[in-house]
Amino acid sequence: MSVPPTAQIHEARSRRLESVVRREAAALLAYFERRVPYSDAPDLLGDTLLVAWRRVDALPTDDQEARMWLFGVARRVL
């Protein structure tokens, strides 16, 4: 049984988001820790990751652009 093409695309984008988040999560957390009380930073990171997950189709394919995109999401969450 084959997987529909849209499911394959979604799975690939999800893997891409996971890869970017693993690479950038610590930097995003540090970004928040510099701007809000320490105890609020993890919640803001979670909110940022939720937005990124919901908008996974907008995640750029280039690593540097994906990092900038995530930090843009973080700035708006903040």
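Counting the residues of segment 33-67 that are at pLDDT 95 or above, out of contact with any Phe, Trp or Tyr (no Cβ under 9 Å at 6 or more places or on another chain) and hydrophobic (A, V, I, L, M, F, W, C) gives 5.
Please work out which residue is most open to solvent (accessible area, probe 1.4 Å), limiting yourself to segment 28-44 and to residues that are in contact with a helix residue (DSSP H, G or I) (Cβ under 8 Å, 6 or more places away or on another chain) and under 21 Å from residue 64 (Cα atoms). Filtering segment 28-44 for residues that are in contact with a helix residue (DSSP H, G or I) (Cβ under 8 Å, 6 or more places away or on another chain) and under 21 Å from residue 64 (Cα atoms), the one most open to solvent (accessible area, probe 1.4 Å) comes out as 29. Against the definition (modelled with pLDDT under 95, charged (D, E, K, R) and open to solvent by 30 Å² or more (accessible area, probe 1.4 Å)), how does residue 22 come out, yes or no? Spelling it out, it is not the case that residue 22 is modelled with pLDDT under 95, charged (D, E, K, R) and open to solvent by 30 Å² or more (accessible area, probe 1.4 Å). Going through (1) of a type in the set (D, E, K, R); (2) closer than 18 Å to residue 76 by Cα; (3) open to solvent by less than 100 Å² (accessible area, probe 1.4 Å) one by one, residue 16 falls short only on (2).
The values are calculated or read from the model by the stated rules, or taken from the named source; none is laboratory data. These figures come from a predicted structure and were not determined experimentally. Backbone-built Cβ (ideal geometry, glycine too); neighbour counts: all protein chains shown. What goes into the accessible areas is simple: the full protein's heavy atoms, side chains included, and nothing from ligands, DNA or RNA. Shrake-Rupley method; radii C 1.70, N 1.55, O 1.52, S 1.80 Å.
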